[in-house]
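All remarks here apply to the structure that follows.
The values are calculated or read from the model by the stated rules, or taken from the named source; none is laboratory data. Given the structure is predicted, the values throughout are model-derived calculations rather than measurements. As a convention, Cβ positions derive from the backbone with ideal geometry for all residues, glycine included, and neighbour counts pool all protein chains shown. SASA here: full protein model, heavy atoms, side chains in, ligands and nucleic acids out. Shrake-Rupley method; radii C 1.70, N 1.55, O 1.52, S 1.80 Å.
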Amino acid sequence: MHRELGSAAIHARGRALRALALPRSRRRPRGQRSDVSRKHGGPLTIAGFLSQLLQLAIALLLAPLLVGWVNKCRAWLQNKSAPSILVPYRMIRKLFFKDAMVAQNASPIFRLTPYIVFGAMCCAAAIVPSLATDLPFARAADAIALVGLFALARVFMA
């Protein structure tokens, strides 16, 4: 008799806790997955692809501006005259017009390294949601993927 009362009290307590948790209209039916366990990221649509490209373009265009701003803040902290924020853009333009000097006995990996590093950084900028959250590459946006991309770039830079 004592056990039956104990189990009845436990079941009543469980029903009371479930009733407090979610209203009956918001509960999911049995056997259905919750929204939390579902993968994030929208399907590959034209709008999603264009917003992904826009996010990547903005990240690539604003990265030198951030470098210029950091250099300006460093100069201010050291009580020196600050260079222009646009100096990194000028350096990039200058580097695009320089000829590539590669040794004759350089390996193909040495020649591919800048492209691999640039691609890894572009992928890292693409999977981090900064403008929108339901981007096509959002499924890959986790810390392990970012660490892997940064490690790939670091291996090729070493």
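Which ones in region 103-154 are open to solvent by 70 Å² or more (accessible area, probe 1.4 Å) and either over 18 Å from the mean Cα position of the chain (by Cα) or farther than 28 Å from Ser51 by Cβ (or both)?
If the condition is that a residue be open to solvent by 70 Å² or more (accessible area, probe 1.4 Å) and either over 18 Å from the mean Cα position of the chain (by Cα) or farther than 28 Å from Ser51 by Cβ (or both), then Gln104, Asn105, Pro108, Ile109, Phe110, Arg111, Leu112, Pro114, Tyr115, Arg154 are the ones that fit.
Would you check if Asp99 is within 19 Å of the chain's Cα centre (by Cα) and open to solvent by 80 Å² or more (accessible area, probe 1.4 Å)? I'd like the intermediate steps shown before the answer.
Working: within 19 Å of the chain's Cα centre (by Cα): no; open to solvent by 80 Å² or more (accessible area, probe 1.4 Å): yes.
It is false that Asp99 is within 19 Å of the chain's Cα centre (by Cα) and open to solvent by 80 Å² or more (accessible area, probe 1.4 Å).
Being surrounded by 12 or more Cβ atoms within 10 Å (Cβ to Cβ) and either of a type outside the set (Asp, Glu) or modelled with pLDDT of 90 or more (or both) is the requirement here; does Lys80 meet it?
Judged against the criteria, Lys80 is not a match.
Looking at the structure I just gave you, is Leu95 touching a helix residue (DSSP H, G or I) at 6+ places or on another chain (Cβ under 9 Å) and either in a helix (DSSP H, G or I) or at pLDDT 90 or above (or both)? Steps first, please.
Values: touching a helix residue (DSSP H, G or I) at 6+ places or on another chain (Cβ under 9 Å): no; either in a helix (DSSP H, G or I) or at pLDDT 90 or above (or both): yes.
It is false that Leu95 is touching a helix residue (DSSP H, G or I) at 6+ places or on another chain (Cβ under 9 Å) and either in a helix (DSSP H, G or I) or at pLDDT 90 or above (or both).
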